1. Grab the Cα-Cα distance for Asn178 and Met99, subtract it from 0.36 nm times how many residues apart they are, and report the gain in nm with one decimal.
2. Rounded to a whole number, what is D in µm²/s for the stretch 142-238 from Stokes-Einstein with the Kirkwood radius over alpha-carbon pairs (20 °C, 1.002 mPa s)?
3. Using a Cα distance threshold of under 22 Å, what count of lysine pairs results for the chain when pairs must be 8 or more residues apart or interchain?
4. Among Ile113, Leu127, Gln92, which residue has its Cα positioned farthest towards the positive end of the charge dipole of the stretch 88-129, with +1 placed on the Cβ of Lys and Arg, -1 on the Cβ of Asp and Glu, and the dipole taken about the Cα centre?
5. 222 nm [θ] for the chain, helices only, -39500 (n - 2.57) per DSSP H run of 4+, per residue, to 500?
6. What Kirkwood hydrodynamic radius, in Å, does the stretch 3-237 give when the mean of 1/r is taken over all pairs of distinct Cα atoms and then inverted?
7. Can you figure out the FRET efficiency of Lys66 with Thr190, using R₀ = 22 Å and their beta-carbon distance, to the nearest 0.05?
8. What are the semi-axes of the equivalent ellipsoid of the stretch 43-151, taken as the square roots of 5 times the eigenvalues of the Cα gyration tensor, listed largest first and rounded to whole Å?
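What follows draws every value from the coordinates through simple rules; no lab data is involved. Owing to the predicted nature of the structure, the values given are computational and were not obtained by experimental measurement. Neighbour counts run over all protein chains shown; Cβ positions are idealised from the backbone, glycine included.
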Amino acid sequence: MNLIIPIINTIILIMSSHETYKIETSSVESDLKYELREPFSTEGQVPLFLLMHGVGSNEKDLFQLKDYFPDGYVISLRAPFRFGPSAFGWYQVDFSTGMPVYSQTQALESREILADFVDKALDSHGLIDPNQVYLVGFSQGAIMSYSVAIAHPEKVKGIIAMSGRMLTEDQEILRTKNFLDVEVHIVHSTQDPMLPYSGALEAKKRLENKVRSVELRSHENGHGVDTYVLQSILSEIE
């Protein structure tokens, strides 16, 4: 299960174990549950930041980062597949062979649910600027941010992909694209024991000359969120 642990108010570690996550129920929650921070201002249009947690966690996890974000809607989503009482994921993954084996069908289903949620959020919250939608994902949530941005670039302005990687299926889709008008911020630890730093390097290489902008920022804090790096990115967005 993923846990958020603040350390000296600068690093938030979101720990993950290489265990197999099996779906507890056959149903999928297409209407995503979430935690919401509303904008401070009620005048003019504001950005939307959609937060997507890692496997085995839930919507309360990344919502603890809400105060780092500038004015706008901050919505922390709960993934649609249930793995336990408080454990959810965007797709089932099995680490028993030493390599992650995942459900391509569930990953695709989650991608489309997320894309649909963007439309629903725009319809429900009139203050959201449709040209200021950002996906912010950690671990499996970062993987999904790549997936949505590549398949539906018209729905997002940018993504912040923290400690993730790009699925093979999304790499194939990317090859068919000429240009994605999306800004990509990749954040990854060089000491990540869960998802290797090489995944970040590979994603950056594949995205170069394919997107409006792509940058990679590194830290040395394991499989977690470095809030200094996050703040630096958000200050540029602001």
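1. So the chain would gain 25.3 nm between Asn178 and Met99.
2. 160
3. Count of close lysine pairs: 22.
4. My answer, from the dipole projection, is Gln92.
5. Only helices count here, giving -8500 deg cm²/dmol.
6. About 17.6 Å for the stretch 3-237.
7. 0.20
8. 26, 15, 11
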